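Notes to accompany the following structure.
The values are calculated or read from the model by the stated rules, or taken from the named source; none is laboratory data. What you are looking at is a predicted structure, and each value in this text was computed from that prediction instead of being measured. As a convention, Cβ positions derive from the backbone with ideal geometry for all residues, glycine included, and neighbour counts pool all protein chains shown.
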Amino acid sequence: MKKKKKKKKRRRRRNWPKRIGFDAFKLEFELGGAIWVHRHRIEARGVRKGAEVVHAVNPDVLVILSGLSFDKDLSFLLNRPMNLTFIGKLVFEVHWYGFSDGSAWKTGNPNLVCGQMVDQMMRKAGFVLDQGYPLFMSEFGVDLRGTNDNDNRYLNCFLGVAAELDLDWALWTLARSYYLREWVVGLEEFYGVFNWNWCEARNSSFLERISAIQSPFQGPAQQGAKQHKVIFHPLTGQCIHRKSLLEPLKLGPCTDSEAWSYNTQQKTLTIKGTYFCLQADGLNKTAKLGVICSDSTSK
């Protein structure tokens, strides 16, 4: 009897460029059931592997690395620096929305919540800036109808952080609606910049507010310019200007704002190179300039 020839199992050739997304998706689900002690180690290995794959496919592109928990957490890299075969093209990304923090913005003191959430974001993701890496806020957004108190309060905090850290960012989203989403045809996207007819902005004041952070506050575009501080007003996306010593301060483009300095001991804000300090007589009172900077109105 003739022996049947065993069919050789053909090993499927790995086509890495088409598998990157699948492998990342698979890794995420594998991590969901992993023991926490090993989770960070597994994720770090997967990130390194993925970064090298992207670099091998195209050595001329930036490699953007994401985190855990809907891209809010990069802390698995805190004590595990990325040892890769390439340098100078690694960028980390993070996502941050108002709903990422539950209803904290609506129920808590916005100033206190802002401090807490910024501290949390810096602990979980912002630390990469101290390690010398760029951090890309690759998703943020708000309900542009303007009726969501949680989002409105969060946005004030976000714009302040984005301006202070000079973050690059991407907004969710441009689209006004979807062909099909959640089994609804033409579902409207209230985070979308365009309204239903795709011809008008849903919220023009929002576009004015984010215009300030579309230009860099620091970085390569500002090389050669003297570094100075400005006072940014997130609610309008503008900066503080003075008209004269006797008149109230006003708001205007940040590109035309004067330089300010902060005295950490006296806790006063002064226009750099002058004796003029920022003063306010009380809550909801108009801010002004003064020269007596030792009393409570200047603190």
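Results, tabulated for the structure shown:
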{"quantity": "In segment 142-157, the residues that are closer than 10 Å to G98 by Cα and among the aliphatic types (A, V, I, L, M)", "calculated": "V142, L155"}
{"quantity": "Scan of segment 276-299 for residues that are of a type in the set (D, E, K, R) and more than 32 Å from the chain's Cα centre (by Cα), ordered by number", "calculated": "D281, D295"}
{"quantity": "Yes/no for R242 being crowded, with 17+ Cβ neighbours inside 10 Å, farther than 23 Å from C157 by Cβ and touching an Asp or Glu at 6+ places or on another chain (Cβ under 9 Å)", "calculated": "yes"}
{"quantity": "Any pair with Cβ under 6 angstrom, 6 or more apart, that starts in segment 110-135 at a residue that is among the small types (G, A, S) and ends at one that is modelled with pLDDT of 95 or more and not in a helix (DSSP H, G or I)", "calculated": "A125/V94"}
{"quantity": "Odd one out for D119 among (1) surrounded by fewer than 18 Cβ atoms within 10 Å (Cβ to Cβ); (2) not assigned by TED's automatic domain parsing to the domain that holds I210", "calculated": "(2)"}
{"quantity": "Residue that is surrounded by the fewest Cβ atoms within 10 Å (Cβ to Cβ), among those in segment 274-289 that are farther than 19 Å from L251 by Cβ and either modelled with pLDDT of 90 or more or not assigned by TED's automatic domain parsing to the domain that holds L245 (or both)", "calculated": "Y275"}
{"quantity": "Strands (runs of 3 or more DSSP E) contained entirely in segment 77-181, each with at least 1 residues that are of a type in the set (S, T, Y)", "calculated": "135-140"}
{"quantity": "Options F92, F86, F76, F140; residue that is in the same structural domain as A162 (by TED's automatic domain parsing), buried (at least 17 other Cβ atoms within 10 Å of the Cβ) and farther than 29 Å from L174 by Cα", "calculated": "F76"}
{"quantity": "Residue under evaluation S261, criteria (1) assigned by TED's automatic domain parsing to the domain that holds Y133; (2) closer than 30 Å to Y133 by Cβ; (3) among the small types (G, A, S), criterion not met", "calculated": "(1)"}
{"quantity": "Only listed residue being out of contact with any helix residue (DSSP H, G or I) (no Cβ under 9 Å at 6 or more places or on another chain) and either of a type outside the set (S, T, N, Q) or closer than 18 Å to N156 by Cβ (or both), chosen from L269, L278, L235, L251", "calculated": "L251"}
{"quantity": "Tally, over segment 48-75, of residues that are more than 19 Å from the chain's Cα centre (by Cα) and either basic (K, R) or within 25 Å of V161 (Cα to Cα) (or both)", "calculated": "2"}
{"quantity": "Residue match in segment 250-268 (condition: part of a strand (DSSP E or B), touching a strand residue (DSSP E or B) at 6+ places or on another chain (Cβ under 9 Å), farther than 26 Å from W172 by Cα and touching a residue at least 40 places away in the same chain (Cβ under 8 Å))", "calculated": "no"}
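For (1) touching a strand residue (DSSP E or B) at 6+ places or on another chain (Cβ under 8 Å); (2) of a type in the set (S, T, Y); (3) modelled with pLDDT under 90, each residue gets a yes or a no:
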{"position": "F22", "(1), (2), (3)": "no, no, yes"}
{"position": "V37", "(1), (2), (3)": "no, no, yes"}
{"position": "P59", "(1), (2), (3)": "no, no, no"}
{"position": "R80", "(1), (2), (3)": "no, no, yes"}
{"position": "N83", "(1), (2), (3)": "no, no, yes"}
{"position": "E93", "(1), (2), (3)": "yes, no, no"}
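Here is a yes/no grid of residues against (1) of a type in the set (D, E); (2) farther than 17 Å from E139 by Cβ; (3) without any contact (Cβ under 8 Å) to a residue 24 or more places away in the chain:
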| position | (1), (2), (3) |
| --- | --- |
| R176 | no, yes, no |
| G192 | no, no, no |
| S215 | no, yes, no |
| Q227 | no, yes, yes |
